[in-house]
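A.B. asks: The structure follows.
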Amino acid sequence: MLLWHGRGPEERDVLAPLARAAASLGVVCFVPDWRPDADDGGRTHLRESAGFVRQNAAEFGGDTGRIALAGWSLGGNAALAAAMDPCALDGWRPRAVVGIAGGYTRPEPLTARAPVDGLTRAEESLPAIPVRLIHGSADPVVDVRQSRRLHAALQHRGWPASLDEPDTDHAGVIMTEYDPESGRCRPSRADHAVRAGSRAARLLFHAAHDTPRTC
C-alpha cells in the first residue's frame, strides 16, 4: 500500500497512526513525504514515490504485482487521478484505490484536473478498478458531499465502489486531531478518531488484498 499525505508539505508523520494500524493487519505500507508547495504542485514527488514502491516493494515483503494506492485529503485526490488516468503515473495503475476525505471536485497535482472530471473524460474501455472511499460525516474542512458525488459518479460508470461515513472530522478519519499550536495533526485516542481510523485501516487492508469489504 502506497499512502499519500495531504496538503501540508512533508507530513508523512501525520499518517503514522493509520499506517501502523494497517500494518498491524498485515499491510506493507509505504508513506512518503511530498511537497504540494513545489513548483509542479508535488507531481514529481508523487511519481517518484510510485516508482520507488513498484521497484522495491518486494524487498520489504510486498508484492510488486499487488500494489494499491491510498491518499488523505489532497493525497486522496491524487490517488483517484492515478486510477482514472493511465498517463498520471506513466501507464501504471494501482490494483485498488482508497480515497480518504478527498475534495474530488478540486484539481489535483498529477493531472491538474478534478478527479470527478477525470472520471467523466476517461475512456469507456478503461478497465475499472475497485475504489473505496471514507469521509468523516462531521468534516469541516472538506465537505462529505465531495465523496458522495464521486461515489455516485463511480457507480454510474459501473466501477466497484463503496463509501463509508464515520462520525468524525477531517483529522479523526486518520486517527488524529488537529493541533492549532503546531498547525499539524497529531495522534488522537478520542473514541471517534480510533473508531474511524480503524475503519480506514481495514479499508486499506481490503484494498491491498483485494478482498470483499467487511467493515
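The values are calculated or read from the model by the stated rules, or taken from the named source; none is laboratory data. Everything numeric in this text was worked out from a predicted model, so none of it was measured. So basically every Cβ, Gly included, is an ideal-geometry build from the backbone, and we count neighbours across all protein chains shown. Surface accessibility is based on the protein's heavy atoms, side chains included, excluding ligands, DNA and RNA. Shrake-Rupley method; radii C 1.70, N 1.55, O 1.52, S 1.80 Å.
A.B. asks: When the residues of the range 1-36 are narrowed to those that are open to solvent by 50 Å² or more (accessible area, probe 1.4 Å) and among the acidic types (Asp, Glu), which ends up nearest to residue 179 (Cα to Cα)?
C.D. replies: Looking at the filtered set, the residue picked out is 13.
A.B. asks: Taking the range 103-120 only, how many residues are in a helix (DSSP H, G or I) and hydroxyl-bearing (Ser, Thr, Tyr)? Break it down into steps so the answer makes sense when it comes.
C.D. replies: First, the residues of the range 103-120 that are in a helix (DSSP H, G or I): 115-120.
Still in the running and hydroxyl-bearing (Ser, Thr, Tyr): 120.
Of the residues in that region, 1 qualify.
A.B. asks: Show the residue pairs meeting these rules: Cβ distance below 6 Å; 6+ apart or different chains; first residue within the range 148-175 and within 17 Å of residue 193 (Cα to Cα); second residue open to solvent by 30 Å² or more (accessible area, probe 1.4 Å) and of a type in the set (Asp, Glu).
C.D. replies: Going by the 6 Å Cβ cut-off, the qualifying pairs are 171/177.
A.B. asks: Kindly evaluate residue 36 against the criterion of being at pLDDT below 95 and farther than 19 Å from residue 67 by Cβ.
C.D. replies: Answer is no for this residue.
A.B. asks: Just checking, does the range 126-143 include any residue being of a type in the set (Gly, Ala, Ser), more than 21 Å from residue 195 (Cα to Cα) and surrounded by 22 or more Cβ atoms within 10 Å (Cβ to Cβ)?
C.D. replies: There is no residue in the range 126-143 that is of a type in the set (Gly, Ala, Ser), more than 21 Å from residue 195 (Cα to Cα) and surrounded by 22 or more Cβ atoms within 10 Å (Cβ to Cβ).
A.B. asks: Output the number of the condition that residue 47 fails; it satisfies all remaining conditions of (1) basic (Lys, Arg); (2) modelled with pLDDT under 95; (3) in a helix (DSSP H, G or I).
C.D. replies: Residue 47 satisfies every listed condition except (2).
A.B. asks: Here is a check on your reading of the model: is residue 42 over 24 Å from residue 206 (Cβ atoms) and either open to solvent by less than 40 Å² (accessible area, probe 1.4 Å) or without any contact (Cβ under 8 Å) to a residue 60 or more places away in the chain (or both)? Can you show your working first?
C.D. replies: Numbers: over 24 Å from residue 206 (Cβ atoms): yes; either open to solvent by less than 40 Å² (accessible area, probe 1.4 Å) or without any contact (Cβ under 8 Å) to a residue 60 or more places away in the chain (or both): yes.
So residue 42 fits the description; yes.
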